[in-house]
C-alpha cells in the first residue's frame, strides 16, 4: 500500500532565510534544542549536509518502537529549495514500511514570504496493510512551526539595537 500526506505552513519569511536552516544539517542540530519531545538527539554519521549525508536520529525516552533511526539525504536542491530524506534503518522500517520518504520544499511567494511544504511518501508491506502503521504530519508541522519561530526570533534579535 502506498500513500502520501502533506502539511503546509505560511512562514512570513523569505524562502532563502528558511532554506538556510533546512538546506543542510542545521535543522537537525536545532530540533533537539527546540523540540526535545520530538527528537532528543540528532547525530551526523557522515556527510556535510549534501546528498549522501546520513543522520542518526534518537527519539525521546518512552517513545514506543525503535529508539533510533537513520536517514539519508537523497536530494538537496539549493536552487529550488527542495530536500528529500529517506529512512534507511530503524523506526518506520521496523513497523512494516518498505519506504518512508520526507520531502521538504520551501516555496517562495511574490510578497517575499514563503511556505514550508512537508510531504511524507510511504509504502507499507502487504502483510501490514490490515493494521496500517499510523502516518502523520504532526511532527513535521511542529518542526516547521518551531523553525519559523526560531528564525523570526533570530532576526528580531539581530535588528534590536544594542
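Quick note: the coordinates plus some simple rules give every number you see, no bench work behind them. Note that the structure is a prediction, hence the values are computed from the model and not measured. Don't worry about glycine lacking a Cβ; one is built from the backbone with ideal geometry, like all the others, and counts go over all protein chains shown.
Odds and ends about this structure:
- Mean projected area (nm²) of the alpha-carbon convex hull when segment 70-120 is viewed from all directions: 3.8
- Where Rh is the Kirkwood radius over Cα pairs, Rg/Rh for segment 78-162: 1.13
- Within the chain, helix-based [θ] at 222 nm, where runs of 4 or more DSSP H residues each add -39,500 (n - 2.57), nearest 500: -7500 deg cm²/dmol
- Of the beta bridges in the chain, as assigned by DSSP with both residues counted there, near 100 percent are antiparallel.
- Here the contact order of the chain, divided by its residue count and restricted to Cα pairs under 8 Å and six or more residues apart, works out to 27 percent.
- For residue 89 and residue 158, the difference between the fully extended length at 0.36 nm per residue and the C-alpha to C-alpha distance is 20.9 nm.
- Within segment 1-70, the proportion of Cα pairs with more than 13 Å between them is 72 percent.
- Rounded to whole Å, the principal axis extents of the Cα atoms in the chain read 59, 33, 26, largest first.
- Label-to-label distance, residue 136 versus residue 16, with points set 7 angstrom from Cα along the beta-carbon direction: 3.8 nm.
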